[in-house]
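Throughout, read-outs are computed from the coordinates displayed, never taken from laboratory work. Only a predicted model underlies this, so the values are computations on that prediction, with no experimental measurement involved. As a convention, Cβ positions derive from the backbone with ideal geometry for all residues, glycine included, and neighbour counts pool all protein chains shown.
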Number of protein chains: 2
Amino acid sequence: MYRTKSCGELRLSNVGENVTLAGWVQKVRKMGGMIFVDLRDRYGITQLVFNEENDKALCDKANTLGREYVIQAKGVVNKRYNNNSKIPTGDIEIIVSELNILNKSEVPPFTIEENTDGGDDIRMKYRYLDLRRSNVRANLELRHKFCLAVRHFLDSKGFLEIETPVLVGSTPEGARDFIVPSRMNPGQFYALPQSPQTLKQLLMVAGMDKYFQIVKCFRDEDLRADRQPEFTQIDCEMSFVEQNDIINTFEEMTKYLFKEVRHYDLGDEPFLRMSWHEAMRRFGSDKPDMRFGMEFVELMDVLKGTGDFAVFNNATYIGGICAKGCASYTRKQLDELTDFVKTPQIGAKGLVYARVMEDGTVKSSVDKFYTPEVLTKLGEAMNAEVGDLILILSGDDAMKTRKQLCELRLLMGDRLGLRDKNKFALLWVVDFPMFEWSDEEQRLMAMHHPFTAPKPSDIPLLDTDPANVLADAYDMVCNGVEVGGGSIRIHDAVLQAKIFEVLGFTPEKAQEQFGFLMNAFKYGAPPHGGLAYGLDRWVSLFAGLDSIRDCIAFPKNNSGRDVMLEAPSEVDIKQLDELHLKVEQSK
Amino acid sequence: MYRTKSCGELRLSNVGENVTLAGWVQKVRKMGGMIFVDLRDRYGITQLVFNEENDKALCDKANTLGREYVIQAKGVVNKRYNNNSKIPTGDIEIIVSELNILNKSEVPPFTIEENTDGGDDIRMKYRYLDLRRSNVRANLELRHKFCLAVRHFLDSKGFLEIETPVLVGSTPEGARDFIVPSRMNPGQFYALPQSPQTLKQLLMVAGMDKYFQIVKCFRDEDLRADRQPEFTQIDCEMSFVEQNDIINTFEEMTKYLFKEVRHYDLGDEPFLRMSWHEAMRRFGSDKPDMRFGMEFVELMDVLKGTGDFAVFNNATYIGGICAKGCASYTRKQLDELTDFVKTPQIGAKGLVYARVMEDGTVKSSVDKFYTPEVLTKLGEAMNAEVGDLILILSGDDAMKTRKQLCELRLLMGDRLGLRDKNKFALLWVVDFPMFEWSDEEQRLMAMHHPFTAPKPSDIPLLDTDPANVLADAYDMVCNGVEVGGGSIRIHDAVLQAKIFEVLGFTPEKAQEQFGFLMNAFKYGAPPHGGLAYGLDRWVSLFAGLDSIRDCIAFPKNNSGRDVMLEAPSEVDIKQLDELHLKVEQSK
């Protein structure tokens, strides 16, 4: 028995008890003939006291302790003279009578404190030290609680958690698969699932009725910030349901999770539902941040052809946002905004702004092209008041320009403090288009995935105007983050074949890649649908993190490397031989 | 809304209600002007009634229904005239007023019933139909409940479930790794974890204190029956613990699971603990089936050198078991036993038997070599009574002979009905040897894994007699199945390096493969230990299954293939090019 108590549980009521604690040395302080040691474990910090007068040898031993030494201390709980109100154990201390050093520690490469001096790279290399920091540990504790709450809720609704295989077949529609060579089947490969999509649909065909799984998924994509090659999904599917049944179930779950895990009341009202087209028009995004307004105002009527400004006159879209109280922005601040929208990631050509002055007139960066009347109309159209700043983007591709304006809106939201991490605004974005055009592939691609059902009323359009077919698809959005999404699925083999045809599959190719699913549909597939949540994102939102990395125990960096494990790495040639594989030198 | 009720919930108290049900057509029967349809979903079966007199058109429609059609039926709940006491809904039926066919079904390739006519291969190919059988579905429901109970228990004890990565580095000590080529790091490979062993130890170094995870693991082994290339582990680790702490915690969990999930009371007594050496001596196995006795009796004193039987006189081990009441076995039955022990999998050279006759004398197959006095002594040594059969194996390798005798004991246990699937006998096997000699590798190998701690008192033997070092390792055994196992781990970098040395690693090789762990030990690693349970095996035991396959939704066959998904398969040459890989034709 290494300990009788943890470092987080002793209180005044324990005074006088003999206890044994074990943990890590957080800090050693010497004062006169006394040594104070902050002993830390997962549960808290307790102060140990060594008194030279009582036991010189013991005090000498305590004097050898360094940061992060692992020790065991026995002693009696004592009321603290100067109590520390910042920690729950701050009323007591341990007068130590026996000290055992269980393991020494080299000096850690960074401080093990909430605000560490360690940079990202070194923290990841020594992640096992980084995780000792209480704020990082708290994220993992939150994740644990979150998953338990998800399981509790879904179990109470009759969902079964069913494990689907990790070694599946490669179906490279969508992102790139990670593949796994099979030694027993030379020349053949498994793939790691990008999601259990087809498997959960097979479980519906199998009559499982309500399925979920908290499950690892894999995508071999070039990693943007905040993407991981492996990530965790809360994957759900239900039979005999329509879109409303699914939305209602998971809205209830969401409210439950916010209440139980985040202690945040989302209220009794149903979440807002907004069509994809409306979201794009009003916010330039299929995941609008609804914590604040600053909605887009389309300005084609006001600014196109009403002055000599060729940029606007040639635009197919002109839109503006109104930043309350920002008319006082300096030239430098406005230049910063212009630089921002012109960065390659945003890609706008320029930014037009207008201020509503003290006297109510509107002064803009394009004053010379427009009459004061037009500018006044602009101010009215924008609902701008004295002291407001109007920011305007234009372009020849409405969707692209809206997306640029969206980025500007989010930036202004940040600047104005409208994106409070402790406030949550949720909505469902619905009625997504079925397809989107891919310039790269020169064909229509499934916007969600090829198993999404079109709206029944739009099915005839599949033959005549597929680009305008809407899908029975929905995303749940929180604070501008797509937390989850799903759809009603196709359960009819003929309709599924039709969709593959629209996507440019030959019947043979469709059969080869998805025959297992289309065959299953011939044996009594029920109507079904579902959704999947990104666990990492959701936990990050709850924890108020900027990156999903800090809610993952051992994340990978932007090159897909685990710098702690030094993986991936080269393997023994013997291993490759057994797999009948050879690495080709790149040219 | 496809349904207002499930097919499992209606009772007499619902009579008169209007309901809508949806599900699969299990059976259609026609009687006079009536059609009876058994409608099935996950929750049960409800009888639908169509009456020609009431609605001819509706009845004609019902007449078109085939097995496994998916339908929706509306109607009123009616008290059944001839009730069916076998099902919970057997008191009622639905008088149908509206019928909608949601999806047709081709005739399924086998019957969807508990006792199906489908063979293994076709059931696996159409696993989504196989899973519709209520007994197979019940296994998945059991698995779901089991995992929930595990999580509930461990959470209540302060364990955190922490996800560890699936894409890790290859450490081919032990079984073969599955490897995953990295596109972003050409020529380099991830490996899929055989277990999160080193990662959970790093979590202990990270101060997580109590960790668990229900997690997929991967081994690229040649598959014996009942092995899967991917399997699920309940993986646990604790800090500041000794062997007793771990055994106590998980004994409590085991009792909880048996009670909550299996409704079986294991009682208040602690489980039996038996040393590995004792288990081998008494049962010839490190996972003895304790549901029955039939213990080994060593017969060297009685039979070696006491007669002219050269086989025994040259043996280094002679052991027997006593099969109660089997003296009446016929010659044919005894020949069967002899054939059994001589099969290549068992590998014995022959079997000697002896019967205790009605008159108390002992008659054996080697009567001519021994005096009646010796045979009487044999009977006494075996504690054999009138009517008993003594079965004896011998050999020049005691361990091998014991393992052969173990197989014979298990067979006799089966024959005598002593291995009741509804009875459970648990024990801990402890004090395993640290190492075992590998003829193949010509070196000592870790019996558990290289991170297992030796018993502190045996550490000096590492230098002088490593083969006799015992480990702080333990297995939990239930009904002859190793359900789980673990050990106290090494937490000292120097001792860990020493173990790698005994295992034949150069310091460089040890550093290359396990440097991340040994480095971590330098920064204050706490004493720690843990264990892992095989989820598939445990659930199979609870379900009384002969194979783990039927508690896995989508298992693989003995060639590691998923015959439903047709995985693994060949991949596009483009995919291989991106990975800088080439498949070598086998010679």
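With a Förster radius of 22 Å applied to the C-beta separation of B:T376 and B:D301, the computed FRET efficiency comes to 0.95. Pairs of Cα atoms nearer than 8 Å and 6+ residues apart set the relative contact order; for chain A it is 12 percent. The H on the amide N of A:I92, modeled in the peptide plane, is under 5 Å from the matching H of A:R80, each at least 5 residues off or on a different chain.
Placing a label point 7 Å from Cα along the Cα-to-Cβ axis, A:E114 is separated from the same position in the other copies by 6.0 nm, shortest listed first. Separation of region B:102-176 and region A:316-354, taken as the distance between their Cα centroids, equals 55 angstrom.
Taking a straight Cα-Cα cut-off under 13 Å and skipping sequence neighbours fewer than 8 places away in the same chain, the aspartates and glutamates within cross-link reach of A:K304 are A:D396. Return the whole-Å distance between the Cα centroid of region A:24-101 and the Cα centroid of region A:548-587. Using only Cα atoms to place each centre, the spacing works out to 44 Å. With a ≥ b ≥ c taken as the square roots of the eigenvalues of the C-alpha gyration tensor of region B:95-164, please select rounded if a/c is under 1.5 and otherwise prolate if a/b is larger than b/c or oblate if it is not? Prolate shape, in that a/c is at least 1.5 and a/b is the bigger ratio. Here the label points at A:D367 and A:D465, each 7 Å from Cα along the C-beta direction, are separated by 4.6 nm in the simple model. Once you have a ≥ b ≥ c as the square roots of the Cα gyration tensor eigenvalues for region B:476-587, tell me rounded if a/c is under 1.5, and otherwise prolate or oblate according to whether a/b is larger than b/c. Note, shape of region B:476-587 comes out oblate. Straight-distance candidates among the lysines for linking to A:K332, with alpha-carbon spacing under 25 Å and chain neighbours fewer than 8 residues away dropped: A:K324, A:K342, A:K349, A:K363, A:K368, A:K403. Across identical copies of the chain, B:F340 has label-point separations of 8.0 nm, listed in ascending order, with the point defined 7 angstrom from Cα along Cα→Cβ. Given a Förster radius of 56 Å and the C-beta distance between B:K259 and B:E508 as r, what FRET efficiency does 1/(1 + (r/R0)^6) yield to the nearest 0.05? Result of the calculation: an efficiency of 0.60. Between 0 and 90 degrees, the angle of helix B:507-520 with respect to the longest Cα principal axis of chain B falls at about 60 degrees. Counting beta carbons within 10 Å around each of A:F240, B:F36 and listing the fewest first gives the order B:F36, A:F240. Label separation (A:K421 vs A:T316): 4.0 nm, computed from points 7 Å beyond Cα along the C-beta direction.
Assuming R0 = 41 Å, what is the FRET efficiency of A:K400 and A:N185, from their Cβ-Cβ distance, to the nearest 0.05? So, using R0 = 41 Å, E works out to roughly 0.35. In this simple spin-label model, placing a label point 7 Å from the Cα along the Cα-to-Cβ direction at both A:Q345 and A:K79 gives a separation of 5.7 nm. Distances between copies of A:N248, taken at a point 7 Å out from Cα along the Cα→Cβ vector and listed shortest first: 5.1 nm. For a label point 7 Å from the Cα of A:E385 along Cα→C-beta, name the residues of region A:338-372 whose backbone N is under 19 Å from it. In region A:338-372, the label zone of A:E385 (backbone N under 19 Å from the point 7 Å along Cα→Cβ) covers A:354-363. Taking other C-beta atoms within 10 Å as the exposure proxy, A:R537, A:R132 rank A:R537, A:R132 from fewest upward.
Listed by chain and number, the lysines placed with their C-alpha closer than 23 angstrom to that of A:K56 are A:K27, A:K30, A:K74, A:K79, A:K104; residues fewer than eight positions away on the same chain are left out. By its C-alpha gyration tensor, with a ≥ b ≥ c as the square roots of the eigenvalues, how is region B:12-103 shaped: rounded for a/c under 1.5, else prolate for a/b larger than b/c, else oblate? It is rounded, given that a/c, with a ≥ b ≥ c, falls under 1.5. Residues A:W24, B:W437, arranged from fewest to most other Cβ atoms within 10 angstrom of their Cβ, appear as B:W437, A:W24.
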